[in-house]
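The values are calculated or read from the model by the stated rules, or taken from the named source; none is laboratory data. Only a predicted model underlies this, so the values are computations on that prediction, with no experimental measurement involved. For neighbour counting, all protein chains shown are included, and Cβ atoms are generated from backbone atoms with ideal geometry for every residue, glycine included.
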Amino acid sequence: MSALTVLFIGGTGIISSAAAARAVELGHDVTVLNRGASSTRPTPPGVEVLTGDVSDPASIRRALGDRSFDVVVDFVAFTPDQVRADIDLFTGRAGQYVFISSASAYQKPVAALPIRESSPLRNPFWQYSRDKIACEDLLVGAYRERGFPVTIVRPSHTYDRTTIPVTGGWAVVDRMRRGLEVVVPGDGTSLWTLTHHADFARAFVGLLGLPAAVGDVFHITSDEALPWDQIYTTLAAAAGVDDPALVHVASESVALVEPEWGPGLLGDKAHSVVFDNAKVKAFVPGWQATTSWATGAREIVEWYDAEASRREADPATEAAFERLLAGARAFGA
C-alpha cells in the first residue's frame, strides 16, 4: 500500500499512541491533533502535531484549515454531538473516517459466545456504551444515506505498560506485595480478554486506507480469554508474589459500595467475553495478537518499578478495598 495522509484526533492515548507509532513505521504521513504533548506517551518522531481542543470545534477548524486527508481517525469522540460535528467537518475531506467505538457496546448480558461483529448491541448498565451505540447509529445512517466513508472499530480492554487492567490499579499490586487481601469482583471464573496496544495497532493500521473496510465494522482483540483469577495471579507472579490473597465480592455488591466502579463492572467486566477475530484477520492477512497477558503483566510491573513516582499510594482506592473487605467479612461471618 502506498503512503497515506492520516489524521489522528487524539494520538496520545493507549491505543492511539501505538497506532501512531505503527503508522509511522509503515511510512504513512501522520498528523495528530490534540490539546498538547503527553510525557507518558510522547508523539513518535516525524509526526506533525496540531493543537486544538475537541470541546471547542472552532479551534479544530482553525487548526485544520482547508486540509483533507486520506484517513481521519477520531479516538476521542464519545457522544452523538461530537460525531455530528465530525460528520459536518470531514464530509468531502476524508477518504475514510474511522470511529473508535467499544466492545462494551455488545449485548450485556452476552447471549451467545463467541462474540462476532454481528452480535446485538445493547448495554442497559453503562451510559458510555449506550453513547457509543448511538454514535454508531448516526454514522451508519450517514454512510447509508449519503456515503459518508465510515469504518467502525470496537476495541475491548486494550492496555499498555502504563495501565493496570484490574479494578483498583496499582493498589492491587502494592497490596499483593504487602501480603494484604485484594478484591476480585465476581467469583473469579468468568472469562475476560485483555489486548496489548501494540497488537491492536498492527491490525488497526492495516484497516486504514482499505476501501473494502469502508461501511463496515470490526472488533480487534486478543484471542486469549482468561478467568479473572488467572489474570490476577499472573499479575501477582509478575510482581514476585506467589500466592496472592484474593477475596471475591459480587460485582453488584462492589457497585453498591463503590458506585463509580459499578457501570464498568456491570456493563462489561462482570460478563464472560470471548471474541471471534476472523473478520479482521481476513481483512488484514497474517495478523495475530502475539502478546500474552503474562508478557504484558511483566512489562507493566517493570514500568512501574522503574520509577518510584509511578507507585504513589492511592488512599481513596485503599479505603474502597477496606470497605469492600469489611463487608465481605461481615457477610461471611
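Condition first: within 12 Å of Ile9 (Cα to Cα), touching a residue at least 40 places away in the same chain (Cβ under 8 Å) and among the charged types (D, E, K, R). Now tell me which residues in segment 44-85 satisfy that.
Residue satisfying the conditions is Asp74 alone.
Report, by residue number, each residue of segment 151-210 that is hydroxyl-bearing (Ser, Thr, Tyr) and either closer than 17 Å to Glu318 by Cα or part of a strand (DSSP E or B) (or both).
Answer for segment 151-210, where residues must be hydroxyl-bearing (Ser, Thr, Tyr) and either closer than 17 Å to Glu318 by Cα or part of a strand (DSSP E or B) (or both): Thr151, Thr158, Tyr159, Thr167, Thr193, Thr195.
Do we have Leu246 as under 17 Å from the mean Cα position of the chain (by Cα) and outside the structural domain of Arg122 (by TED's automatic domain parsing) here?
No: the conditions fail for Leu246.
Name the residue that is farthest from the chain's Cα centre (by Cα), counting only residues in segment 218-243 that are over 25 Å from Ser118 (Cα atoms) and of a type in the set (A, V, I, L, M).
Val241
Here are some residues: Gly141, Gly215. Which one is of a type in the set (Gly, Ala, Ser), surrounded by fewer than 20 Cβ atoms within 10 Å (Cβ to Cβ) and assigned to a helix (DSSP H, G or I)?
Residue meeting the stated conditions: Gly141.
I need a count of the residues in segment 32-63 that are touching a helix residue (DSSP H, G or I) at 6+ places or on another chain (Cβ under 8 Å) and in a helix (DSSP H, G or I).
3
Given the options Trp261, Trp287, name the one that is within 23 Å of Ala326 (Cβ to Cβ) and among the hydrophobic types (A, V, I, L, M, F, W, C).
None of the other options fit; the residue is Trp261.
Scanning for something at pLDDT below 90, in a loop (DSSP other than H, G, I, E, B), touching a strand residue (DSSP E or B) at 6+ places or on another chain (Cβ under 9 Å) and surrounded by fewer than 18 Cβ atoms within 10 Å (Cβ to Cβ), does segment 11-31 turn up at least one residue?
No, every residue in segment 11-31 fails to be at pLDDT below 90, in a loop (DSSP other than H, G, I, E, B), touching a strand residue (DSSP E or B) at 6+ places or on another chain (Cβ under 9 Å) and surrounded by fewer than 18 Cβ atoms within 10 Å (Cβ to Cβ).
Which is crowded, with 18+ Cβ neighbours inside 10 Å, aliphatic (A, V, I, L, M) and part of a helix (DSSP H, G or I), of Ala319, Ala255, Ala237, Ala294?
Only one candidate passes the filter, namely Ala255.
For the condition more than 21 Å from Phe200 (Cβ to Cβ) and in a helix (DSSP H, G or I), what is the one hit in Ala112, Ala85?
Ala85
Looking at this structure, is Arg93 more than 23 Å from His219 (Cβ to Cβ), at pLDDT 95 or above and among the basic types (Lys, Arg)?
Here the answer is yes, as Arg93 does meet what is asked.
I'd like the full set of residues that are out of contact with any strand residue (DSSP E or B) (no Cβ under 8 Å at 6 or more places or on another chain), among the basic types (Lys, Arg) and surrounded by fewer than 17 Cβ atoms within 10 Å (Cβ to Cβ), limited to segment 81-115.
Arg84
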